[in-house]
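To start, the structure under review is shown below, and the notes come after it.
The values are calculated or read from the model by the stated rules, or taken from the named source; none is laboratory data. Remember, predicted model here, so these are calculated numbers, not experimental data. As a convention, Cβ positions derive from the backbone with ideal geometry for all residues, glycine included, and neighbour counts pool all protein chains shown. All accessible areas refer to the heavy atoms of the entire protein, side chains included, with ligands and DNA or RNA removed. Shrake-Rupley method; radii C 1.70, N 1.55, O 1.52, S 1.80 Å.
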Amino acid sequence: MWIDTHCHLDFIYENKTKDESLFDNSLLDFVICPSANHKSFNILKKLNQKNNSIVYALGYHPLYLSDLPENPIQYLENEIQNSHPIAVGEIGLDFYLGNEEKEIQKIIFHQQLELANKYNLPVILHVRSAIDDVLKILKDFPDIKGIAHAFNGSLQQAQQFINMGFKLGFGGAMTYSRAKKINRLALELPIDSIVLETDAPDMKPAWVNATSQNHPNEIRGIAEFFAQLRNISVIDLSWQLKNNIADIFPDLGISS
Ligand SMILES: [Zn+2]
């Protein structure tokens, strides 16, 4: 079983509606698509109707908060009630540029965690230059599990996520020889704490050239890379990843 735990088919769909091959995920069992903002919600629901291996999370990404609907939390709660996402996401904090509205990001993040808690849903986290802030806020929600996507922190920070019931997402970034830090994390973290993702159309793996597009099917190559790094067989890895994903997303119905 192969699952891409993080990609943005809504972005691809918006920009390239003609190329239907992008939504051919026949190599995969599931493609998990978190939303960026409320405009993604309808696109993702439509994609799920066309192809039920495309499943979605609903939420407001920290970099898209200038584009919220009116009463954003009520809006999201209605969507959660009506369209049953498998998670709340992608939510989190991004302080990378240094000029962000940090307090607004924290408020919206906290409110979305409250919804995840209320509806007993996992979360898909976007965390950039804000790991300690995110960990601090998560302490208010001991029952919430999820994925810290594109993880790029320290071993010690990773351990804190793991202790809180989170998995850490790794993808194309680890396939570059210069990515020493991410490589070390991917090598040293407990295998039951890891999930793989493409983040398509972003974060191309090293073998996808500049003119080609990243695609959820690249998860197979990323898995082969990771299996080699950890010196395990691809079959064993597939089994392990399935269990890791089932642990976070019970609504996928894949637990053994
Ligand atoms: Zn994302």
Query raised in the report: Along the positive direction of the dipole of the chain (beta-carbon charges: Lys, Arg +1; Asp, Glu -1; about the Cα centre), which of Ile91, Gln112, Gly172 reaches farthest?
Result: Gly172
Requested in this report: Using a cut-off of 13 Å between beta-carbons, work out the net charge of the residues near Ile245 (Lys and Arg +1, Asp and Glu -1, Ile245 not included).
Outcome: -3
Report task. State the extension gain, in nm to one decimal, for the chain segment bounded by Ser83 and Tyr64, taking 0.36 nm per residue of separation less the distance between their alpha-carbons. Result -> 4.7 nm
Query - Accessible heavy-atom area order of Glu77, Glu103, Glu188, highest first, probe of 1.4 Å - result: Glu103, Glu188, Glu77
Query raised in the report: Nearest 20 debye, what's the magnitude of the dipole of region 131-207 about its Cα centre given +1 on Lys and Arg Cβ and -1 on Asp and Glu Cβ?
Result: 300
Query raised in the report: Would you list His110, His84 from the most to the least accessible area, probe 1.4 Å?
Result: His84, His110
Report summary line: In whole percent, the fraction of accessible protein surface over the chain that belongs to carbon or sulfur atoms, probe radius 1.4 Å, stands at 48
Report summary line: Sorting Thr175, Thr211 on solvent-accessible surface, 1.4 Å probe, most exposed first, gives Thr211, Thr175
Report task. Determine the per residue accessible area of region 140-241 with all protein chains present and a 1.4 angstrom probe, expressed in square angstrom. Result -> 46
Requested in this report: Give the residue from Ser35, Leu58, Asn214 lying farthest towards the positive end of the charge dipole for the chain; charges sit on Cβ (+1 for Lys and Arg, -1 for Asp and Glu) and the dipole is referred to the Cα centre.
Outcome: Asn214
Query raised in the report: Given charges of +1 on the Cβ of Lys and Arg and -1 on the Cβ of Asp and Glu, with all other atoms neutral, how large is the dipole of the chain about its Cα centre, in debye to the nearest 20?
Result: 500
Query raised in the report: Per the helix-only calculation at 222 nm, which mean residue ellipticity applies to the chain, given -39500 (n - 2.57) for every DSSP H run of n ≥ 4 and division by its residues, nearest 500 deg cm²/dmol?
Result: -12000 deg cm²/dmol
